[in-house]
Amino acid sequence: MQDIRITDIDSYMALVPQKLRPLLEKMRKTIRRAAPQAEEMISYGMPAFRYHGMLVYFAAFKNHASFFPGSSSLIRSLKDELKGYKTSTGTIQFTVENPLPASLITRIVKARVKENLEKEKMKKAKAKPGKK
């Protein structure tokens, strides 16, 4: 079997089934608009975005695509808006016929940016020596 090393999102997209490719390209653009300062990368073999830590991932599968917000509490907080989608602790599954709305993706990405900045702020506060 051929060993394929995916090193960037464009390479990943080239391997995505044609049916899912436009859906994932739209998701990618939506994420980039919501977090223009985020770095694109491949992590765990999936397209991912990083900004002060990992933000979100997405991936194509045989019959669906998945969005991985990296925050189970965020998924739980959106349970009403996600009723039409299959979800688990860290995943939101969607299809070409039932895509995630760009507005929802944008809200999730912006919430993740905020979470990451808050975590970083807390880490820096803990690292500073206490005042005497």
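Read the figures in this text as sums done on the coordinates, not as results from a lab. Just so it is clear, the model here is predicted, and its values are computed rather than measured. Because the Cβ atoms are built from the backbone with ideal geometry, glycine has one as well, and the counts that use them run over all protein chains shown.
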Report summary line: Going through K86/K126; K26/K110; K86/K114; K79/K128; K26/K114; K29/K79 one by one, the pairs whose alpha carbons sit over 27 Å apart turn out to be K86/K126; K79/K128
Query raised in the report: Within straight cross-link reach of K124, meaning Cα distance under 19 Å, which aspartates and glutamates are found once same-chain residues fewer than 8 apart are removed?
Result: E115
Report summary line: Ratio for the chain, C-alpha Rg to 2.2 N^0.38 Å, reads 1.16
Query raised in the report: By how many degrees, between 0 and 90 and to the nearest 10, does the Cα long axis of helix 102-127 differ from the longest principal axis of the chain?
Result: 30
Requested in this report: Place a label point 7 angstrom from the Cα of A14 along the Cα-to-Cβ direction, then list the residues of segment 40-57 whose backbone nitrogen is under 16 Å away.
Outcome: 42, 47
Report task. Any chance you could give the angle, 0 to 90 degrees and rounded to 10, that helix 21-34 forms with the longest Cα principal axis of the chain? Result -> 20
Report summary line: Each label sits 7 Å from Cα toward the beta-carbon; between K123 and E97 the label points are separated, in nm, by 4.3
